[in-house]
Protein chains: 2
Amino acid sequence: MPVKAGERLDPEATRARILKAASEVFMQRGIHATGINEVAEAAGASKLTIYKNFGSKDGLVEAVLTDRTQRVRAWHEQAVEQAATGRERILAIFDLVASWYAEAGFRGCAMMNAATEDRGHDGAPRRLAQDHLAFYRGLFQRLLTEAGVRDPETTARQLVIVLEGATIISAVDRDPGLGAEARVIVETLLDAA
Amino acid sequence: MPVKAGERLDPEATRARILKAASEVFMQRGIHATGINEVAEAAGASKLTIYKNFGSKDGLVEAVLTDRTQRVRAWHEQAVEQAATGRERILAIFDLVASWYAEAGFRGCAMMNAATEDRGHDGAPRRLAQDHLAFYRGLFQRLLTEAGVRDPETTARQLVIVLEGATIISAVDRDPGLGAEARVIVETLLDAA
DNA sequence: GATAGATAGTACCGATCGGTCTTATCTCTC
DNA sequence: GAGAGATAAGACCGATCGGTACTATCTATC
């Protein structure tokens with residue numbers, strides 16, 4: 001049948017529903033391992049609607065990753081704003097990711113995972129992953145400058161290394177404790193900076 | 001034709017040749033994206049020989065990763081033995097990985113990449129990746145104990161985070177400078193430990 | 001209420017994948 | 001030199017994939 005009986009006809013909501021379902025199934029099973037039919041079933045949408053909205057699987061992947069990085073950035077900006085000092089603001093980022101590690105079904109960073117799956121290509125996944133890393137570098141550098149650190153650029157790069165290292169190990173080992181461990185490293189690096 | 005004319009008939013060498021070719025093509029293009037036919041062509045072997053030796057693609061993947069983790073461990077043990085003090089030995093590990101980051105076509109850690117591609121399954125890739133992380137933890141803990149660090153277990157976990165973070169960022173950004181950056185972090189952590 | 005757009009469901013297509021099988025030809029061992 | 005094992009080359013199979021086409025039916029708009 002067409003349009004589930006009694007439901008509103010809302011293209012925006014349909015697109016958002018597909019994005020959410022695709023994001024979840026891509027994260028849990030991997031992008032390459034997930035077929036469009038699975039996305040359609042998970043989203044309660046038809047393949048026609050998916051291709052009307054995103055053109056191709058690559059287009060869907062790019063849209064999912066773009067949506068994801070934007071949401072993650074917004075969450076970080078929000079968490080930072082709710083903390084007081086420069087140092088507290090930096091630690092707030094690691095408290096936020098620690099809460100992600102503790103979520104059921106945590107599978108790492110969507111952008112790094114996609115870039116890893118798509119290695120060998122220089123397409124959207126790798127570009128978006130690089131942009132995502134650059135966002136972290138910029139955010140840390142801004143906060144470190146506010147905190148009066150001597151070399152914000154260098155320390156920012158160090159914090160990104162710690163963040164991504166904790167993320168991938170947490171995903172592989174299914175260990176939510178990496179959030180606390182990363183925080184300890186960050187405090188040491190901030191003390192030394 | 002059969003057996004390339006004039007070549008020795010050496011099953012061990014054939015198996016090793018397939019492992020090497022599969023390892024390279026898997027790393028460059030991704031495991032999921034690489035078909036058995038591509039492995040066969042890269043190895044100069046037939047599909048029959050591959051399936052005789054490894055049973056299935058999963059078997060080949062497991063053999064490649066097992067071979068890889070063993071080689072990496074041996075290289076690390078060797079690099080460690082050639083350095084003098086406990087601290088120098090730890091830094092020797094990061095000098096070794098820094099040289100990997102600088103290699104053309106560096107694509108990250110084979111075990112982490114495979115586990116990421118295969119997320120959603122609890123098969124050999126994830127198990128071997130966990131074993132690989134455990135090896136690093138054990139090696140660092142041993143060296144930190146030799147160096148007289150107060151809490152070798154905690155510091156070892158910190159060093160693994162730095163190592164894996166630098167590795168994935170180097171792979172995504174194609175930036176060999178991550179090796180030097182990781183070394184600086186490690187020195188800071190060792191000074192504080 | 002007529003028209004247009006959005007959508008579900010499903011069949012379908014060509015390509016590719018993992019895996020099997022056959023054939024022929026090489027090397028090695030006795 | 002005869003038999004056994006190893007190997008290359010490639011045809012083949014069923015399943016699945018990304019993507020398209022078609023039909024039917026819903027909602028939104030005028």
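The values are calculated or read from the model by the stated rules, or taken from the named source; none is laboratory data. For clarity, every value in this text was computed on a predicted model and none was experimentally measured. Cβ sites come from the backbone with ideal geometry, for glycine too, and all protein chains shown count toward neighbours.
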query = When you scan region B:20-41, how many residues do you find that are in a helix (DSSP H, G or I) and touching a residue at least 60 places away in the same chain (Cβ under 8 Å)?
reply = 4
request  = Can you run down the residue pairs with Cβ atoms below 7 Å, 6 or more apart or on separate chains, where the first is in region B:114-136 and within 19 Å of B:SER56 (Cβ to Cβ) and the partner is part of a loop (DSSP other than H, G, I, E, B) and among the aliphatic types (A, V, I, L, M)?
outcome  = B:ALA114/B:ILE31; B:GLU117/B:ILE31; B:GLY120/A:ALA33
request  = Name, by its number, the condition in (1) facing another protein chain (nearest Cβ under 10 Å); (2) buried (at least 23 other Cβ atoms within 10 Å of the Cβ) that does not hold for A:PHE140.
outcome  = (1)
ask   = Which one of A:VAL64, A:VAL72 is within 29 Å of A:ARG137 (Cα to Cα), touching a Cys at 6+ places or on another chain (Cβ under 9 Å) and more than 9 Å from DNA strand D (Cβ to nearest atom)?
value = A:VAL72
Criterion (touching a helix residue (DSSP H, G or I) at 6+ places or on another chain (Cβ under 9 Å), surrounded by fewer than 14 Cβ atoms within 10 Å (Cβ to Cβ) and without any contact (Cβ under 8 Å) to a residue 24 or more places away in the chain) met by exactly one of B:GLN70, B:GLN82 = B:GLN82
remark   = Note on A:ALA171: of the conditions (1) among the small types (Gly, Ala, Ser); (2) surrounded by fewer than 22 Cβ atoms within 10 Å (Cβ to Cβ); (3) touching a Lys or Arg at 6+ places or on another chain (Cβ under 9 Å), unmet is (2)
ask   = Quick one: is A:LEU60 touching a Pro at 6+ places or on another chain (Cβ under 7 Å) and modelled with pLDDT of 95 or more?
value = no
message = Conditions first: (1) of a type outside the set (Asp, Glu); (2) within 14 Å of chain B (Cβ to nearest Cβ); (3) in contact with a Lys or Arg (Cβ under 8 Å, 6 or more places away or on another chain); (4) more than 11 Å from DNA strand D (Cβ to nearest atom). A:VAL97 passes all but one, so which condition is the exception?
response = (3)
ask   = Name the residues in region B:100-127 that are under 17 Å from A:ARG174 (Cα atoms), at the interface with another protein chain (Cβ under 10 Å from one of its Cβ atoms) and of a type in the set (A, V, I, L, M, F, W, C), would you?
value = B:MET111, B:MET112, B:ALA114, B:ALA115
query = Out of (1) within 22 Å of B:ASN113 (Cα to Cα); (2) more than 8 Å from every other protein chain (Cβ to nearest Cβ), the odd one out for A:ASP151 is which?
reply = (1)
ask   = Can you name every residue in region B:8-51 that is within 13 Å of chain A (Cβ to nearest Cβ) and not acidic (Asp, Glu)?
value = B:VAL25, B:PHE26, B:MET27, B:GLN28, B:ARG29, B:GLY30, B:ILE31, B:HIS32, B:ALA33, B:THR34, B:GLY35
query = Residue check: is B:MET111 in contact with a His (Cβ under 9 Å, 6 or more places away or on another chain) and more than 11 Å from DNA strand C (Cβ to nearest atom)?
reply = yes
request  = Kindly establish whether B:GLY165 is facing another protein chain (nearest Cβ under 10 Å), modelled with pLDDT of 95 or more and either surrounded by fewer than 24 Cβ atoms within 10 Å (Cβ to Cβ) or over 20 Å from A:GLY177 (Cβ atoms) (or both).
outcome  = no
key: Residue within region B:55-67 that is away from DNA strand C (no atom under 14 Å from the Cβ), out of contact with any Lys or Arg (no Cβ under 9 Å at 6 or more places or on another chain) and within 11 Å of chain A (Cβ to nearest Cβ) present   = no
ask   = Only one residue in A:ALA40, A:ALA104, A:ALA114 is among the small types (Gly, Ala, Ser), surrounded by 17 or more Cβ atoms within 10 Å (Cβ to Cβ) and under 17 Å from the mean Cα position of the chain (by Cα). Which one?
value = A:ALA114
